[in-house]
Amino acid sequence: MKVFKELFKPNRLSSSNSVKGLFGIPNLRTPNDFHKFSESSLSKAENIYQELKTTKVAPSEVIIRLDKLSDTLCRVVDLAGFLRTAHPQYTMVEAAQQAHELLFGFMTVLNTDKDLYELVVQAIASGELNTEQLRVAEILKHDFMKSGIQFNSDNIRNEFIDLSNRISITSQQFLNSETLDTNEAQFLQLGGSELAGLKTLVPLIKQNFKVYNTQPELLQIIMMKSENPEVRKKIWQLKNMHPGVGSQFSRVESSVSSQESLLDKILADRLSLANIAGYNTYAEYELSDKMMKTPKRVYDFLNKLTTELRPKVKGELNAMSIVAPWDYPYKLHNFRKNAFRNDSISNKRVVFDLASVFSTMNEVTQELYNLELIPSDCEEGEVWSPEVKKLDAKLNGDLVGHIYLDLASRDGKMPNPAHFTIQCSRKREDGTFQLPIIALVCDFETSEISFDDVQTIFHEMGHAIHSMLGRTNLHNVAGTRAATDFVEIPSILFEKFPLNLKILNMLSSNHKDTESFLSQYKKQQQLTANTEMWYQVNLSWLDQYVHGEQFTRTRSSQQCSNLVTNLMNVYNIPNTELYTSSFAFGHLVTYGSTYYSYLLDRWLADKIYDKLFVNEPWSRGGEQWGKVLAKGGSVDPIELLSTIGIDSNF
């Protein structure tokens, strides 16, 4: 515990003659250094590329070299992706953007090179690849085919590439339009009785103030706190970009129309892309390399959830007396608060110390996997902000990776917790392993955090542990480089451990009566759990529908609106036409037929926890689950789950 308390004291950066830069990468400290790093990496990648095209090697060596080529590029692209999001200096963010564009252009060249594609096809057909090499070869082939390389006709291939580019550009336009420029922002002005229930937001709110649709977090708080139903309705309409609230919304109608047009184009182009590739629907095309494989399996899963949830949801909504969609946040907030009004624990702010959280986590990972997390000194130039810390991960005493913790709040920092892969594991030519490097970003104001925050840290560290244990020979399947609908299972599973009383007692040594706290917390979470899941199920159905067989290329957004109306009727809520704004459909663009993944992974994580850990967290389940994590993405997920007794017939 003492060593972890040191972790959250100000950094004592060791200065030496070392040339370490960001994440320990030599000579990477300034924007100019990053330019040099990206250009050097590009040069190395070009050399590997030319060798592959001019030198005949064994099929296994083809895959190994292609994997090395991919790793060389991803080490820059992944780092650039992180810096664009998290680095506090604009000049470094700008350099990262330029590096990303430089290497992305070269990656486009690679993905459309027919000679490389033929080398991969021949390697697969040779029968000489081991299981991991074959898995990577299939991934590479799939990536090539997503660039239309399999088409003999230049016209068809060019059409495929044009569609892919158009979908990418239109999708970015749609997502950018969800957060309008300040000059385009719509607002409501509230005052007098309209401020009832909002006193806790002072000094943020004064008498007569404007709230804008570019402030989603504030809008959500107002919907949760406001005692005035008309205010809640107006805020809900503003949040979801619905016209008709007042003259200040005069620009919304054209904005909605523009969004609908963009959505129409995206869905129609996706269907055309899938048809050219030989699939009936975009869902078939997109799911072909996922754990679920086919839309039918997704439908069966969602049908099962829908049948189980419907009666439970109706009971929860009746208990909360929900009569309109804008009432839900307010009713939910008060329902939970009133349910435990007389409970003494609910009136206390139970907090957890970050040092205790990581100390406990270290004990958990040692017991489960013999993986030790050790605070380590950072050298000057190694971190992007003074408060960033580092953990060395050691498996059975051997160093297997580094985890950088950027936990403290600072101006301009992204508010949402996230896990970033900076570098993957890979076996080098000399037999040694490249160490994975992970960054975990949170935005905590103090070192005392809530229990929800504790679970968030365990969730994000679940990803990091997957990267530490998933040591494979090839980078393309290392750690979290696994199927989209599998990769969240380890993180969701790990966030369950703080809910075990034995582990909670370790986390909260200063708190008494942890058993009562845990019991109350679980009850609060279960109060409306079915309704919250039902909403996710409906969004998943919508995602499958618009990318499935029933959809047409014309007036796609109107079909979305009609379907949402039908889905929301299950809630028995009036005015469901207000759910029809295409501004509410961002998940269709972002996920594109895979929105079900989080629901599936949570369901599977529940099954795994109940099977391996529920009775005793230190059981042999850690050894069994550790073997699953060690495979990264090198084995089909369904086959991996079968090794721990999870039936593939979901």
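The values are calculated or read from the model by the stated rules, or taken from the named source; none is laboratory data. Just so you know, these numbers come straight off a predicted model, no measurement behind them. Every residue, glycine as well, gets a Cβ built from its backbone with ideal geometry; the counts of neighbours run over all protein chains shown. Quick note on the areas: whole protein, heavy atoms, side chains included, nothing else; ligands and nucleic acids left out. Shrake-Rupley method; radii C 1.70, N 1.55, O 1.52, S 1.80 Å.
When you scan segment 603-650, how many residues do you find that are in contact with a Ser or Thr (Cβ under 8 Å, 6 or more places away or on another chain), of a type in the set (Val, Ile, Thr) and outside any loop (DSSP other than H, G, I, E, B)? Going through segment 603-650 one residue at a time, the tally reaches 2.
Filtering segment 36-62 to residues that are open to solvent by 60 Å² or more (accessible area, probe 1.4 Å) and either among the polar types (S, T, N, Q) or in contact (Cβ under 8 Å) with a residue 24 or more places away in the chain (or both) leaves Glu39, Lys44, Glu46, Asn47, Gln50, Lys53, Thr54, Thr55. When we screen Leu518, Leu493 for residues that are in contact with a Phe, Trp or Tyr (Cβ under 7 Å, 6 or more places away or on another chain) and assigned to a helix (DSSP H, G or I), the only hit is Leu493.
For every residue, the table says whether it meets (1) more than 25 Å from Lys394 (Cα to Cα); (2) open to solvent by 30 Å² or more (accessible area, probe 1.4 Å); (3) assigned to a helix (DSSP H, G or I); (4) modelled with pLDDT under 95.
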{"site": "Ala464", "(1), (2), (3), (4)": "no, no, yes, no"}
{"site": "Ser467", "(1), (2), (3), (4)": "no, no, yes, no"}
{"site": "Leu504", "(1), (2), (3), (4)": "no, no, yes, yes"}
{"site": "Lys512", "(1), (2), (3), (4)": "yes, yes, no, yes"}
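Inside segment 432-459, residues that are in contact with a Cys (Cβ under 9 Å, 6 or more places away or on another chain) and either open to solvent by less than 20 Å² (accessible area, probe 1.4 Å) or outside any helix (DSSP H, G or I) (or both) make up a count of 5. Taking the numbered list (1) of a type outside the set (S, T, N, Q); (2) within 18 Å of Thr480 (Cβ to Cβ); (3) over 25 Å from the mean Cα position of the chain (by Cα); (4) modelled with pLDDT under 95 in turn, Ala418 passes all entries but (3). Please work out if Ala355 is in contact with a helix residue (DSSP H, G or I) (Cβ under 9 Å, 6 or more places away or on another chain), small (Gly, Ala, Ser) and in a strand (DSSP E or B). So Ala355 fails the test.
Going by the structure shown, is Ser642 of a type in the set (Ser, Thr, Tyr), open to solvent by 60 Å² or more (accessible area, probe 1.4 Å), closer than 17 Å to Val487 by Cα and at pLDDT below 95? The answer is yes for Ser642.
Considering (1) touching a strand residue (DSSP E or B) at 6+ places or on another chain (Cβ under 9 Å); (2) at pLDDT 90 or above; (3) not polar (S, T, N, Q), the lone condition that Leu69 does not fulfil carries the number (1). The set of residues in segment 469-490 being within 21 Å of Asn416 (Cα to Cα) and either over 17 Å from the mean Cα position of the chain (by Cα) or open to solvent by 10 Å² or more (accessible area, probe 1.4 Å) (or both) consists of Thr480, Thr484, Val487, Glu488. Condition first: closer than 26 Å to Asp154 by Cβ, surrounded by fewer than 19 Cβ atoms within 10 Å (Cβ to Cβ) and of a type outside the set (A, V, I, L, M, F, W, C). Now tell me which residues in segment 112-136 satisfy that. Across segment 112-136, the qualifying residues are Thr112, Asp113, Lys114, Asp115, Glu118, Gln122. Among the criteria (1) hydrophobic (A, V, I, L, M, F, W, C); (2) out of contact with any Ser or Thr (no Cβ under 7 Å at 6 or more places or on another chain); (3) at pLDDT 75 or above, the one Leu317 does not fulfil is (2).
When the criteria are applied in full, Asp636 fails the requirement of being more than 29 Å from Leu129 (Cβ to Cβ) and of a type in the set (D, E, K, R). Among the residues of segment 390-413, those identified as open to solvent by 20 Å² or more (accessible area, probe 1.4 Å) and within 22 Å of Thr480 (Cα to Cα) are Asp392, Lys394, Leu395, Asn396, Asp398, Leu399, His402. Those helices (runs of 4 or more DSSP H) of segment 528-602 in which 3 or more residues are in contact with a helix residue (DSSP H, G or I) (Cβ under 9 Å, 6 or more places away or on another chain) and at pLDDT 85 or above occupy 529-546, 586-591. Of Ala95, Ala86, which residue is touching a helix residue (DSSP H, G or I) at 6+ places or on another chain (Cβ under 7 Å), over 30 Å from Gln150 (Cβ atoms), small (Gly, Ala, Ser) and surrounded by 15 or more Cβ atoms within 10 Å (Cβ to Cβ)? It is Ala95.
So which residues in segment 256-302 are over 24 Å from Asn155 (Cα atoms) and in a loop (DSSP other than H, G, I, E, B)? Those that are over 24 Å from Asn155 (Cα atoms) and in a loop (DSSP other than H, G, I, E, B): Ser288, Asp289, Lys290, Met291, Met292, Lys293, Thr294.
For segment 369-395, the set of residues classified as of a type in the set (A, V, I, L, M, F, W, C) and within 25 Å of the chain's Cα centre (by Cα) consists of Leu371, Leu373, Val383, Trp384, Val388, Leu391, Ala393, listed by residue number.
So which residues in segment 294-313 are buried (at least 16 other Cβ atoms within 10 Å of the Cβ) and farther than 14 Å from Val537 by Cβ, if there are any at all? Pro295, Arg297, listed by residue number.
Cβ-Cβ distance below 8 Å, separation of 6 or more or different chains: which pairs start in segment 77-93 with a residue that is within 14 Å of Ser41 (Cβ to Cβ) and end on one that is open to solvent by less than 10 Å² (accessible area, probe 1.4 Å) and not in a helix (DSSP H, G or I)? Within 8 Å, the pairs are Asp78/Ile422; Leu79/Ile422.
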